[in-house]
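**Q** Got a structure for you, questions after.
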Amino acid sequence: MHKGFLKTGIIIGALSVILGAFAAHSLKNTISDYALGIFETAVRYQFYHAFALLITGILFKEFPRNQIKWAGRFFIAGIILFSGSLYFLAIIKAAVQPGFNWVGAITPFGGLCFILGWIWLFMGIRKKVEL
């Protein structure tokens, strides 16, 4: 399982760089500062949690516990819900499409997943498993 988190973290990290560069070079002059700020927040938290997944993969090798697995799963869910909803919201704001503000209500669930991921990561390293 640790290799899965490592691979996922690497891919998500690469996507973060790609999306960040896209925002800086292509979106900067085409969407509002508000929508760009939303997009940049999505990229920033996606990148933070790419590192969290890498840490999770490394720690799982030393602490092979279910809490570590769940931490990685929560981080992935958080990236999808938090960053994904913000990407969608930025696109909606850029396109000036009314009636889709409900998408922003998904974002806190992603934030909750991030928090749970960090808590489960802590729980997973509290005590080393004796083999």
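**Q** Return the pairs, sorted by first residue and then second, in which the second residue is of a type outside the set (A, V, I, L, M, F, W, C) and in a helix (DSSP H, G or I), the first residue lies in region 27-43 and is in contact (Cβ under 8 Å) with a residue 24 or more places away in the chain, the beta carbons are less than 6 Å apart, and the residues are 6+ apart or on different chains.
**A** Between residues of region 27-43 that are in contact (Cβ under 8 Å) with a residue 24 or more places away in the chain and residues that are of a type outside the set (A, V, I, L, M, F, W, C) and in a helix (DSSP H, G or I), the close pairs are Ala35/Lys93; Ala42/Ser83; Ala42/Tyr87; Val43/Ser16; Val43/Gly20.
**Q** Among the residues of region 28-39, what is the count of those that are closer than 27 Å to Ala77 by Cβ and surrounded by fewer than 19 Cβ atoms within 10 Å (Cβ to Cβ)?
**A** Of the residues in that region, 2 qualify.
**Q** Turning to a different aspect of this structure: Please specify each residue of region 1-56 satisfying the condition of being of a type in the set (Ser, Thr, Tyr), under 25 Å from Ala94 (Cα atoms) and more than 12 Å from the chain's Cα centre (by Cα).
**A** Applying the first criterion (of a type in the set (Ser, Thr, Tyr)) to region 1-56 yields 8, 16, 26, 30, 32, 34, 41, 45, 48, 56.
Next, only the ones that are under 25 Å from Ala94 (Cα atoms) stay: 16, 26, 30, 32, 34, 41, 45, 48.
Selection gives Ser26, Thr30, Ser32, Tyr34.
**Q** May I ask you to list the residues in region 69-86 that are over 8 Å from the mean Cα position of the chain (by Cα), in contact (Cβ under 8 Å) with a residue 60 or more places away in the chain and surrounded by fewer than 24 Cβ atoms within 10 Å (Cβ to Cβ)?
**A** Correct list: Lys69 only.
**Q** Only one of (1) surrounded by 18 or more Cβ atoms within 10 Å (Cβ to Cβ); (2) in contact (Cβ under 8 Å) with a residue 24 or more places away in the chain fails for Ile106. Which number is that?
**A** Result: Ile106 fails condition (1) only.
**Q** Taking Phe51 as the residue in question, decide whether it is in contact with a helix residue (DSSP H, G or I) (Cβ under 9 Å, 6 or more places away or on another chain) and either closer than 26 Å to Phe100 by Cα or touching a residue at least 60 places away in the same chain (Cβ under 8 Å) (or both). So that I can check it myself, show each step before the final result.
**A** Values: in contact with a helix residue (DSSP H, G or I) (Cβ under 9 Å, 6 or more places away or on another chain): yes; either closer than 26 Å to Phe100 by Cα or touching a residue at least 60 places away in the same chain (Cβ under 8 Å) (or both): no.
So Phe51 fails the test.
**Q** Go through region 1-111 and tell me which helices (runs of 4 or more DSSP H), entirely inside it, have 2 or more residues that are modelled with pLDDT of 95 or more and aromatic (Phe, Trp, Tyr). Quick ask: steps written out before the conclusion?
**A** On the way: elements: 2-22, 33-62, 66-78, 84-95.
In region 1-111, 33-62, 66-78 are the helices (runs of 4 or more DSSP H) which contain 2 or more residues that are modelled with pLDDT of 95 or more and aromatic (Phe, Trp, Tyr).
The values are calculated or read from the model by the stated rules, or taken from the named source; none is laboratory data. Source: prediction; values computed, not measured. Note that each Cβ is placed from the backbone with ideal geometry, even for glycine, and that neighbours are counted across all protein chains shown.
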